[in-house]
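Engineer: Pasting a structure below so you can have a look.
The values are calculated or read from the model by the stated rules, or taken from the named source; none is laboratory data. These numbers were taken from a predicted model, which means no experiment stands behind them. All Cβ positions, even for glycine, are placed from backbone atoms using ideal geometry, and neighbour counts span all protein chains on display. Accessible surface areas use protein heavy atoms only, side chains included; no ligands, DNA or RNA. Shrake-Rupley method; radii C 1.70, N 1.55, O 1.52, S 1.80 Å.
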Amino acid sequence: MSRRELGVAGGLLLLALVVRLVYLEHSADNPFFSAPVVDAHSYIAQARQIAEVSWVGDKPFWQPPLYPYFLALVYAVSGDLFWTPRLIQFLLGAASCALVFGIGRQVFGPRVGLLAGAMACLYGPSIYFAGELLPTALAVFLNLLLLFILLQPGRGWGQALVAGLVQGLALVAVPNAALLAPCACLWYWKSAEQAARSKLVWCLLFAAATCSVVGTVTARNWVVSGEFIPVSWNGGVNFYLGNHPDYDRLVGIRPGPEWEALMERPLAAGQVGYAERSAYFYRQAGDWIASAPGDFVRLLGYKAFLLARGEEIKRNQDAYFARTYSWLMRVLLWKIHHFAFPFGLLGPLAAVGMVLAWRHRPEAGLLLLCTGAYSTSLLLFFITGRYRLPLVPLLLLFAGYALVWLVEQRRDRQWRPLGMGLALVVLLGLAANAGLRPANPLADAEIHFDLGRVQAQRGQYAAAVRSFGTAVQLDPAYLRARHNLGAALAAMRRYDEAEAVYRQALAQAPDDRGLHLNLAALYRATGRYQQAVEHYRRVVAQGADAAVFLALGRVYKSMGATERAWEAFEAALNGEKVRAQAANELGLIRVRQGALERAVNYFAMALKAAPGNHLIAFNLGAAYHDLGQFDKAAEFYRRTLSLAPEYAKAQRALRRLQGR
């Protein structure tokens, strides 16, 4: 690049960064800024686990690992998981705009590069997704960096290695990028003016560098699980969601009972390994495709239509909700009757630009290949605005080329090609935007459900009741909203209203496990123990886990039914997560029965399961005290105080022992 072109790239980077920082300031008012949901919540949880517990982990990756490790590194260095990652993502987004200029300049010339880079700076969905705790901005940057490296002159072995490393990183960020690798090799093979042997070496070096990155992830997954999982094991279920006769419903499934039931299917079929579970879903989708090839082709056509659609199709959250808190988004991202901006305009322009590039710009071969390959990767799974976004920089380049070509036709008075180009843009625009309705995210029950969850987590139960209530009004069949509405009412001690909500929900789903558990907890809180037992028993009849037996045992304990409480607590011992609490309860029963030696055994079991629990340590010390084993009692009183120095009961007990 010349000095002037470097200045242009720097100017675009600065413009993009300023615009994104404005949005960062706006988005801080969004209630989901520090309370992310669904995938963003999952990435945050993974980052905490990596940074606070283990950088290696003990299970194969469920989701591609680069982004969780990116968040974990930011968290380890800054201690922040909300502002700092977004700031870095906005920096990556700004750098991506400069890369768009560099690629456009290389392929189409500086005018197209400048126009495409400027559009990238102000492209609303790119700004929005860079502000979400999702891998989108990182994936876009790595894809563009790969293309920029591939387009540089020289094409030596060093370029192959660097490009391969970037390709590998892009793949472990978002595996759709895997289809870019054959595009890179095919393009190099066709365009490089070298002997076949040199081309082969270049492709092998590129592949080796890519595999070195992916292989590290694969080896780690093998070490922790003994299973061959190249990147992550969520691919199977995602393929199943995107290739199913009930596509629209399945793609809309969110975390909750329906998702849990879906993920239980391979386990019920005896597929317990992580790779086996992923393969189960691939087989299920493959069986449907083989049995109904015509339906599969029609589904592919439908997904192609969605890919070209002007609106931003939501995945976890509606992008248009950001407009509520940002005037910038209200300008750069909107949807009215029969038109969505910006993709409703970008898509048709880019389509015209691709036709022109295919006919007149052989230099654009790599971009055309990558656009086709990435589009194919989306059609193989499912379409959302977030997953479509990595295509956008390429489409901006083609749209910029189309705009410059249209201006040139106008300047040269080439009315016929100008008219044909404009007509094609209009026709494609009508097809891409037909039937669209104005954006109204506040008419979406899921937005209000998510708001209610955030408010409940913050203890704002009155606001949560309003949000969950609105979700139920918008979608009376939204069972999870009724669940949470009842829980929020119960948290406010509005038990009668909570019970009424649960009863209404049970009328919809009489066997819903969560509803019976919620009602049981409500009855337990209000002293209606027999009714609590009835609902816990309904859950037990469906196949309860240890936590249910623990809760049931405590109800029996409150009722004075010691024998039944004992049976329930013994059943709860089978659950690793509640074993400590169950053993502690059994120890307390033995204390009341005067069987102190047996009580000691149970308290010791409980403390082994939860060595950091000061209450269990105190109970064990008290049991030894009552047995007259004062040295052992003092040992566990001291241990209690090491865990909870201010625990008054242990202080008094230890003083009594020392005063003997």
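Engineer: Under a crude label model (7 Å from the Cα following the beta-carbon direction), how far is residue 415 from residue 359 in nanometres?
Structural biologist: 1.9
Engineer: Counting each DSSP H run of 4 or more residues in the chain as -39500 (n - 2.57), what helix-only mean residue ellipticity at 222 nm follows after dividing by all residues, to the nearest 500 deg cm²/dmol?
Structural biologist: Details: 34 runs with 486 residues, N = 660.
Helix contribution divided over all residues of the chain: -24000 deg cm²/dmol.
Engineer: To the nearest 20 Debye, how big is the dipole of the chain about its Cα centre, given +1 on the beta carbon of each Lys and Arg and -1 on that of each Asp and Glu?
Structural biologist: Roughly 800 debye, rounded to the nearest 20.
Engineer: May I pose another question? ³J(HN,Hα) across the stretch 631-647 via Karplus (A = 6.51, B = -1.76, C = 1.60, θ = phi - 60°), whole Hz, x for Gly/Pro?
Structural biologist: 5, 5, 4, 4, 4, 7, 5, 5, 5, 4, 6, 5, 8, 9, x, 9, 6
Engineer: Next question, about the same structure. Give me the distance in nm between label points sitting 7 Å out from Cα along the Cα-to-Cβ direction at residue 53 and residue 648, one decimal.
Structural biologist: 3.6
Engineer: Turning to a different aspect of this structure: How high is the FRET efficiency from residue 276 to residue 111, r the C-beta distance, R0 60 Å, rounded to 0.05?
Structural biologist: E between residue 276 and residue 111, to the nearest 0.05, is 0.65.
Engineer: Rounded to the nearest 20 debye, what is the charge dipole size of the stretch 464-590 about its Cα centre when +1 sits on each Lys and Arg Cβ and -1 on each Asp and Glu Cβ?
Structural biologist: Details: 17 positive and 13 negative charges, 56 e Å.
Here the size comes out at about 260 debye.
Engineer: What aspartates and glutamates sit close enough to residue 335 to cross-link, taking a C-alpha to C-alpha distance under 16 Å and skipping anything fewer than 8 places away on the same chain?
Structural biologist: Of all the aspartates and glutamates, those that pass the test against residue 335 - Cα under 16 Å, at least 8 places apart if same chain - are 311, 312, 318, 444.
Engineer: A further question on this structure: With Cα Rg over 2.2 N^0.38 Å in mind, check (i) 1.36; (ii) 1.16; (iii) 0.99 and report the label derived from this structure.
Structural biologist: Computed from the coordinates, Cα Rg over 2.2 N^0.38 Å corresponds to (ii).
Engineer: Rounded to the nearest Å, what's the spacing between the alpha carbon centres of the stretch 297-343 and the stretch 436-467? Just the number, please.
Structural biologist: For the stretch 297-343 versus the stretch 436-467, the Cα centre distance is 20 Å.
Engineer: For the stretch 41-84, what is the accessible area per residue in Å², given a 1.4 Å probe and the full set of protein chains?
Structural biologist: 50
Engineer: What does the charge count around residue 499 come to, taking other residues whose C-beta lies under 13 Å from its C-beta (Lys +1, Arg +1, Asp -1, Glu -1)?
Structural biologist: For residues surrounding residue 499, the net value is +4.
Engineer: Test of understanding: what is the full-extension gain from residue 186 to residue 62, defined as 0.36 nm times their sequence separation minus their Cα-Cα distance?
Structural biologist: Numbers: separation 124, 0.36 × 124 = 44.64 nm, distance 3.12 nm.
So the extension gain works out to 41.5 nm.
Engineer: Can you work out the accessible area per residue across the stretch 268-390, with the rest of the protein chains kept in place, probe 1.4 Å, in square angstrom?
Structural biologist: Each residue of the stretch 268-390 exposes 43 Å² on average to a 1.4 Å probe.
Engineer: Moving on to the next point. How long is the gain from residue 567 to residue 338 if the chain were fully straight, where each residue apart is worth 0.36 nm and the alpha carbon distance is subtracted?
Structural biologist: 76.0 nm
Engineer: Tell me the per residue accessible area of the stretch 153-195 using a 1.4 Å probe; a whole number in Å² is fine. Spell out each step's value before the answer.
Structural biologist: Details: 1960 Å² over 43 residues.
Computed with neighbouring chains in place, this is 46 Å² per residue.
Engineer: In terms of solvent-accessible area of protein heavy atoms at a 1.4 angstrom probe, what is the ranking of 502, 647, highest value first? Let's see the in-between values first.
Structural biologist: Working: 502 5, 647 50 Å².
Ranked list, largest accessible area first: 647, 502.
Engineer: Pairs of alpha-carbon atoms within less than 8 angstrom and 6+ residues apart define the contacts here; what relative contact order does the chain have, in percent?
Structural biologist: After rounding, I find 10 percent.
Engineer: Let me ask something additional. Provide the solvent-accessible area of residue 405, counting protein heavy atoms only and rolling a 1.4 Å probe, rounded to the nearest 10 Å².
Structural biologist: Approximately 40 Å² for this residue.
Engineer: Given a Förster distance of 30 Å, report the FRET efficiency between residue 78 and residue 491 from their Cβ-Cβ distance, rounded to the nearest 0.05.
Structural biologist: 0.35
Engineer: For Cα pairs less than 8 Å apart in space and 6+ apart in sequence, what is the mean separation divided by the residue count of the stretch 340-430, i.e. the relative contact order in percent?
Structural biologist: Computed value for the stretch 340-430: 47 percent relative contact order.
Engineer: Please work out how much accessible surface residue 34 shows to a 1.4 Å probe, ignoring ligands, DNA and RNA, in Å² rounded to 10.
Structural biologist: 60
Engineer: Shifting gears a bit: With unit charges on the beta carbon (Lys/Arg positive, Asp/Glu negative), name the residue among 624, 604, 543 whose Cα is farthest towards the positive pole of the charge dipole of the stretch 503-660.
Structural biologist: 624
Engineer: Moving on. Taking all protein chains together and a probe of 1.4 Å, list 83, 189, 334 from the most accessible to the least accessible. All intermediate terms of the calculation are to be shown ahead of the outcome.
Structural biologist: Working: 83 125, 189 105, 334 70 Å².
Largest accessible area first, the residues go 83, 189, 334.
Engineer: Now for a separate question. Accessible area of the chain with a 1.4 Å probe: how many percent of it is carbon plus sulfur?
Structural biologist: 59
Engineer: Moving on to the next point. Under a Cβ-Cβ cut-off of 10 Å, what is the net charge of the residues other than residue 591 that fall near it, where Lys and Arg count +1 and Asp and Glu count -1? Please report the intermediate quantities before stating the final value.
Structural biologist: Working: positive: 590, 592, 598; negative: 626.
Surrounding charge for residue 591 is +2.
Engineer: Can you check what the net charge comes to around residue 343, using other residues whose Cβ is under 12 Å from the Cβ of residue 343 (Lys, Arg +1; Asp, Glu -1)?
Structural biologist: On the way: positive: 309, 335, 388; negative: 311, 312.
Cβ neighbours under 12 Å give a net charge of +1.
Engineer: Just to make sure I understand: if all protein chains stay in place, what is the order of 246, 444, 450 by accessible area at 1.4 Å, largest first?
Structural biologist: 246, 444, 450
Engineer: Using a Debye calculation, one point per C-alpha and no hydration shell, please list log10 I(q)/I(0) for the stretch 83-178 at q = 0.23 Å⁻¹ in order.
Structural biologist: For the stretch 83-178 at q = 0.23 Å⁻¹, log10 I(q)/I(0) is -1.18.
Engineer: A further question on this structure: Counting alpha carbon pairs within less than 8 Å and at least 6 residues apart, what relative contact order, in whole percent, applies to the stretch 482-641?
Structural biologist: Working: 205 pairs, mean separation 18.0, N = 160.
Relative contact order, the stretch 482-641: 11 percent.
Engineer: Which residue, chosen from 574, 63, 121, occupies the Cα position most advanced towards the positive end of the dipole of the chain, where the dipole is computed from +1 (Lys, Arg) and -1 (Asp, Glu) charges on Cβ about the Cα centre?
Structural biologist: With unit charges placed on the Cβ atoms, the residue in question is 121.
Engineer: State the extension gain, in nm to one decimal, for the chain segment bounded by residue 34 and residue 626, taking 0.36 nm per residue of separation less the distance between their alpha-carbons.
Structural biologist: 208.2 nm
Engineer: Going down the list 557/608; 190/314; 557/649; 59/199, which pairs span over 29 Å between their C-alpha atoms? It would help to have the intermediate numbers written out before the result.
Structural biologist: Values: 557/608 24 Å; 190/314 39 Å; 557/649 23 Å; 59/199 39 Å.
Going by Cα-Cα distance, 190/314; 59/199 fall outside the 29 Å limit.
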